[in-house]
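Here's the structure we're looking at; comments come further down.
The values are calculated or read from the model by the stated rules, or taken from the named source; none is laboratory data. What you see is a predicted model; the values in this text were computed from it and never measured. Please note: Cβ atoms are built from the backbone with ideal geometry, for glycine as well, and neighbour counts cover all protein chains shown. These accessible areas exclude ligands, DNA and RNA; they are computed on the full protein's heavy atoms, side chains included. Shrake-Rupley method; radii C 1.70, N 1.55, O 1.52, S 1.80 Å.
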Amino acid sequence: MNGKASVSKELNAKHAKILEGLLKLPDNRECADCRNRAPRWASVNLGIFICMQCSGIHRSLGVHISKVRSTTLDTWLPEQVSFMQFMGNVKSNKHWEAEMPPNFDRSKLAMEKFIRIKYVEKIWVSKDDMQSTSSGGARKGILKNSRRLSLEESILANHVSKIVPPITRARGVFIETQKKNSPPFKRPSSSVDFDKSTKSIGTGDIFNLLCIYDDNQNFSTLPPSSWATFDCVTRLYLLLKL
């Protein structure tokens, strides 16, 4: 099922109110790129609000760079609205324009060239952010064909790289440790003379002869070895036969 088809009219109306509220915030009152007021479009994967002119340029970049949606005409998915709430123009520009000179005059560049330099060439992205994203993505297998991650993917990659996997103990190590902590197994004493004590041994005594005791005369929970089991069963058989 198409994700948009699952969005009801009530949910779509709720999304429209949320987006309208976000556009009224001081951080989002201007286009993230050209700074024109009252933007009505957005890039859902970059988390920015843009004007109609810049939205056309963003569409020309391709959906692998920017996915454009109208804040009033298109149907939005819940995760897209949530990301817009999390990001916004100011927070996004802190990433994409981190290395931009303080007195940079963006009006001297054609807006299409400015947007391509900003989002495709990424020359103003913080070098520290790029290095951490690249290293984290390489470790987790997120980078493919040396493609740089979008801002949305960068946040996810940095989050995943900080998750420490739980420490698990190998089964063999656990068994070896259990063996070390277990009491030593003792075979039944060979000094017991079954032939001489046949007549005086009852059923309970025969059972006791088959039990295994440790040095402190405490019952051991360890099962006897196969040799001890065979030896005891054989002796029991001979006793019962007599």
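Brief remarks follow.
- Residue check, Ile142 hydrophobic (A, V, I, L, M, F, W, C) and modelled with pLDDT under 90: yes
- Filtered by the rule that a residue be without any contact (Cβ under 8 Å) to a residue 60 or more places away in the chain, open to solvent by less than 40 Å² (accessible area, probe 1.4 Å) and under 14 Å from Gln85 (Cβ atoms), the range 21-72 gives Gly21, Leu23, Ala42, Val44, Ile48, Phe49, Thr71.
- With respect to the conditions (1) farther than 12 Å from Tyr119 by Cα; (2) open to solvent by less than 10 Å² (accessible area, probe 1.4 Å), Gln85 lacks only one, and its number is (2).
- Test: residue in the range 5-19 that is open to solvent by less than 20 Å² (accessible area, probe 1.4 Å), among the hydroxyl-bearing types (Ser, Thr, Tyr) and free of Cβ contacts under 8 Å to residues at least 60 places away in the same chain: no
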